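The values are calculated or read from the model by the stated rules, or taken from the named source; none is laboratory data. Keep in mind that what you see is a predicted model, and the values were worked out from it rather than measured. Note that each Cβ is placed from the backbone with ideal geometry, even for glycine, and that neighbours are counted across all protein chains shown. Accessible surface areas use protein heavy atoms only, side chains included; no ligands, DNA or RNA. Shrake-Rupley method; radii C 1.70, N 1.55, O 1.52, S 1.80 Å.
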Amino acid sequence: MATNPTPPLVKWSYADWRRQATDAERLDRLRLHMEEVSGFVLESMSKGRSLRIDSQYLSMLQSECERLEKAIALKTIGSRAGRTSSFVRGNGP
């Protein structure tokens, strides 16, 4: 007889940030997930609930956010470098 895994206690709306197609989409979704995680932590603390998330989880999300921001910045710089303009001095009139 197969047993069903225990469903998660919290249903995150934006936890699928890793499955987005581009770094920019992942970053946008990750920021939304970080907001919902932070909101959950604050709500839990204010209501005195015993539900807690791993204290390192939010730190890991922040690190991923910084990594994605750097990756996007590097791609942006790289794409600008490939579009350098050139000036050719010609024979004037």
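If the condition is being polar (S, T, N, Q) and touching a residue at least 12 places away in the same chain (Cβ under 8 Å), then the range 25-78 contributes Ser38, Gln62. Of everything in the range 17-30 that is of a type in the set (D, E, K, R) and open to solvent by 40 Å² or more (accessible area, probe 1.4 Å), the residue that is farthest from Glu69 (Cα to Cα) is Arg19. Every listed requirement among (1) loosely packed, with under 15 Cβ neighbours inside 10 Å; (2) modelled with pLDDT under 90; (3) assigned to a helix (DSSP H, G or I) is met by Ala71 save one, (2).
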